[in-house]
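Only the coordinates and a few stated rules stand behind these numbers; no lab work does. On a predicted model such as this, the values are computed, not experimentally measured, just so you know. Here the Cβ positions follow ideal geometry from the backbone for every residue, glycine too, while neighbour counts run over all protein chains shown.
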């Protein structure tokens with residue numbers, strides 16, 4: 001009896017597994033690389049600056065043009081904000097990021113900055129936007 005070699009059946013390529021793997025890796029990449037921060041207060045138009053670094057205001061405290069201090073769409077005071085959100089990193093306090101409306105009088109802005117320092121802030125950073133040329 002003669003034995004004939006049997007053909008080895010090739011399995012069809014499964015392209016869906018590769019696609020799922022690629023989509024999963026992209027999801028992980030964007031979760032790690034993405035920045036999740038609350039959006040800027042829509043009622044505040046930041047002051048223009050020419051030399052400020054172009055950084056987004058992550059989770060900033062805002063002062064509207066009417067003088068109200070706003071954090072995540074809720075009115076607050078400097079003492080209440082600092083009590084709830086004054087973070088310490090390696091024994092030092094993180095700077096408080098303060099976004100002030102362009103129409104806010106400077107005197108009112110300085111009052112809020114002084115109140116933040118009185119509440120215990122070690123550094124207050126005023127968030128601005130780059131001037132468009």
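Tabulated data
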| quantity | calculated |
| --- | --- |
| Listed peptides 11-24, 65-78, 95-108 by packing density, highest first (mean Cβ within 10 Å) | 95-108, 65-78, 11-24 |
| Full-stretch length increase - residue 20, residue 92 - with 0.36 nm per residue and alpha-carbon distance subtracted | 21.5 nm |
| Cβ crowding within 10 Å averaged over residues, with 112-121, 25-34, 42-51 ranked highest first | 112-121, 42-51, 25-34 |
| Within region 95-133: backbone nitrogen closer than 13 Å to the residue 59 label point (7 Å, Cα to C-beta) | 95-97 |
| Global geometry of region 92-133, whether rounded, prolate or oblate, following the gyration tensor of its Cα atoms and the 1.5 cut on a/c | oblate |
